[in-house]
């Protein structure tokens, strides 16, 4: 099963990972951005910072980026992004 999808028109790679692994990959710098639950990011002890509350569903989903980084949605072009 392929766990990677490439969007060549926007130069973005998407990686489908276990939710508990997303913050670890982002915190280590292997991925540029991840979408996961706040609880999973917190439990991972990875050095990530919440950047945006998505505001949908009964759960709260968050974007995570390495601590100390600033970005906007337009900065996502060409990045490697994890989701579950």
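Filtering segment 2-20 to residues that are without any contact (Cβ under 8 Å) to a residue 40 or more places away in the chain and closer than 22 Å to residue 69 by Cβ leaves 7, 20.
The selection criterion, being outside any strand (DSSP E or B) and either exposed (fewer than 12 other Cβ atoms within 10 Å of the Cβ) or modelled with pLDDT under 85 (or both), does not hold for residue 21. Could you check how many residues of segment 31-67 are loosely packed, with under 12 Cβ neighbours inside 10 Å, assigned to a loop (DSSP other than H, G, I, E, B) and either within 10 Å of the chain's Cα centre (by Cα) or modelled with pLDDT of 85 or more (or both)? Final tally of qualifying residues: 1. Screening residue 13 with (1) surrounded by 11 or more Cβ atoms within 10 Å (Cβ to Cβ); (2) out of contact with any strand residue (DSSP E or B) (no Cβ under 7 Å at 6 or more places or on another chain); (3) at pLDDT 90 or above gives one miss only, at (2). Pairs meeting the criteria (first residue in segment 40-52 and touching a residue at least 12 places away in the same chain (Cβ under 8 Å), second residue surrounded by 13 or more Cβ atoms within 10 Å (Cβ to Cβ) and assigned to a strand (DSSP E or B), beta carbons under 6 Å, at least 6 apart or on different chains) are 41/48; 41/64; 48/64; 50/62; 51/63; 51/65.
The values are calculated or read from the model by the stated rules, or taken from the named source; none is laboratory data. The structure displayed is predicted, hence computed values, not measured ones. No Cβ is skipped: glycine too gets one built from the backbone with ideal geometry, and neighbour counts run over all protein chains shown.
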